[in-house]
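The structure appears right after this line, and notes come after that.
The values are calculated or read from the model by the stated rules, or taken from the named source; none is laboratory data. What you see is a predicted model, and the numbers here were worked out from it, not measured in a lab. Backbone-built Cβ (ideal geometry, glycine too); neighbour counts: all protein chains shown.
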Amino acid sequence: MSKKPASQHSLSLKNRSTKSSSTMRDKSTVKRLQMYRGGKPTRDSSGRITKQALFQERLASGTNARVAPNRQWFNNSRVVTQSSLQKFQSALKNVVNDPYQIVMKQTKLPITLLNEKQKQKRVHILDVESYEKTFGPKAQRKRINTFEDMESLMDHCQKRQDEYQQDKDQDLMK
């Protein structure tokens, strides 16, 4: 007569046979499933943790935590030279302008480095509304600028449409 294991639960790591059985879960699977259960730490009546949750081990107070002395932790990461950046920018510019070419290989460079600075216009906010008009003791911008009635909105739209010149439109020149 064989002795029954103390725990027959499929998520128990106790009393596992050394033979690999197809019905038993292996250790890594059990640990992963226990992690999914959201194992919380067990606490005593005063709230102190008596048993750590799975994957929540803490070092004892005063223990020095050390990083292995490896050069890779102190080297620059993803450093690009100016020449290779310019080369990639020129190649990307040619590909962007040609509709029959696409970029297949992703770059790990930040996209802001690849965009040309001349094409990104600065927004001239202070030309539209001055700083004193927006902030400070004489600020007039307490509510959004809206039109009082439909007629004033239509007049404004008609005036803007009459002033529009297609040859000076920057969006069409691109």
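Taken as a whole, the structure leaves Arg78 outside the set of residues that are farther than 30 Å from Lys105 by Cβ, basic (Lys, Arg) and at pLDDT below 80.
Being surrounded by fewer than 10 Cβ atoms within 10 Å (Cβ to Cβ) and within 30 Å of Val30 (Cβ to Cβ) narrows it down to one of Asp44, Asp98, so name that one.
On the way: Asp98 fails: within 30 Å of Val30 (Cβ to Cβ).
Within the list Asp44, Asp98, the selection yields Asp44.
All of (1) surrounded by 10 or more Cβ atoms within 10 Å (Cβ to Cβ); (2) more than 28 Å from the chain's Cα centre (by Cα); (3) not polar (S, T, N, Q) hold for Ala60 with one exception: (1). Does Gln170 count as out of contact with any strand residue (DSSP E or B) (no Cβ under 9 Å at 6 or more places or on another chain) and either modelled with pLDDT under 80 or surrounded by 10 or more Cβ atoms within 10 Å (Cβ to Cβ) (or both)? In short, yes.
For the range 47-68, name all the residues that are farther than 23 Å from Thr29 by Cβ and not hydroxyl-bearing (Ser, Thr, Tyr). Correct list: Gly47, Arg48, Ile49, Arg58, Leu59, Ala60, Gly62, Asn64, Ala65, Arg66, Val67, Ala68.
Residue-wise test of (1) β-branched (Val, Ile, Thr); (2) outside any helix (DSSP H, G or I); (3) under 29 Å from Ser10 (Cβ atoms).
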| position | (1), (2), (3) |
| --- | --- |
| Thr23 | yes, yes, yes |
| Thr29 | yes, no, yes |
| Leu33 | no, no, yes |
| Thr50 | yes, yes, yes |
| Gln56 | no, yes, yes |
| Ser61 | no, yes, no |
| Pro69 | no, yes, no |
